[in-house]
Structures are given as structure tokens and as C-alpha cells.
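These notes are about the structure you will find just below.
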Amino acid sequence: MGTDRRASGARGEDRATAALCARGYRIVERNFRCKQGELDAVALDGDTLVFIEVRTRADARFGGGLAAVGVGKQRQVARVAAVYLATRRPRFQACRFDVVAITGSELVIIRDAFRITW
């Protein structure tokens, strides 16, 4: 990934976490990495543990940010989430997967964006 894309992704993640915090989420961890991949952010929304995927696109020419979170990406996020749960052993009542889709200046938070059958 080029430096420009990396910087754009980091700016998007900063913007996403600020928007999430403004909505009452408490960010627990950012950029959790393991051999299976990376979680952009992990947060608590009340007593629900939320795994957050942030997708940033400059424009909608090739589909917006949400279009970048297909089934393959969902499975990868779920695999990394399973590693997170096994290694961090957090306390929570429930968990879910949210997506923050940034397309140009538009930011959309999709709660419970997808479900995984364990």
C-alpha cells in the first residue's frame, strides 16, 4: 500500500473514531494486528463489544466505502475478532460488527453491519 493510501486510511480512522466517540462509543483499542489481519478499532457501546471496520474512499467512482466491505472482508474481520477475543479476553455482554464508511466528506456509521455464524 502506498504512503498516500496509508495516510488517507489513518485520517479516515481518526475521523471515524472521533465520530464514534461523539456517539457514545468508548474506544478500547485501535489497529489490533495479528497474523490473520487487523481490526481498525474495538470499542464498547454500553456493554456491547464492537469490532469496527473503517473503509475510506475518495469518491464513489468504484463504489463507496461500504461497497469495500464484501463477504471476504467480513470473514477476515471475523477471524481477527476471534483472535482478539481469545487473546484479550474482554468482558462484555454481547458483540457486533459495525462499519464506518467514508466516501469523500460523507461519513456513515452502520451499526450491526453484518453477522457471522460462529
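The values are calculated or read from the model by the stated rules, or taken from the named source; none is laboratory data. Owing to the predicted nature of the structure, the values given are computational and were not obtained by experimental measurement. Cβ: placed from backbone, ideal geometry, glycine included. Neighbour counts: every protein chain shown.
Just the residues that are assigned to a loop (DSSP other than H, G, I, E, B), surrounded by fewer than 14 Cβ atoms within 10 Å (Cβ to Cβ) and modelled with pLDDT of 90 or more, please, taken from the range 32-76.
Lys35, Gly46, Asp47
Considering only the range 8-28, how many residues are free of Cβ contacts under 8 Å to residues at least 60 places away in the same chain, surrounded by 13 or more Cβ atoms within 10 Å (Cβ to Cβ) and either charged (D, E, K, R) or within 14 Å of Val99 (Cβ to Cβ) (or both)?
3
Any idea which residue in the range 94-113 is farthest from Asn31 (Cα to Cα), counting only those that are of a type in the set (Gly, Ala, Ser) and assigned to a strand (DSSP E or B)?
Ala94
Taking Ile109 as the residue in question, decide whether it is surrounded by 13 or more Cβ atoms within 10 Å (Cβ to Cβ), closer than 21 Å to Arg15 by Cβ and modelled with pLDDT under 95.
When the stated conditions are applied, Ile109 does not pass them.
Pairs, please: C-beta under 9 Å, at least 6 apart or cross-chain, first residue among the small types (Gly, Ala, Ser) and in the range 103-118, second outside any strand (DSSP E or B) and modelled with pLDDT of 90 or more?
From the range 103-118, the pairs are Ala113/Gln74.
Could you tell me whether Arg91 is more than 22 Å from Ala19 (Cβ to Cβ) and either at pLDDT 95 or above or not in a strand (DSSP E or B) (or both)?
yes
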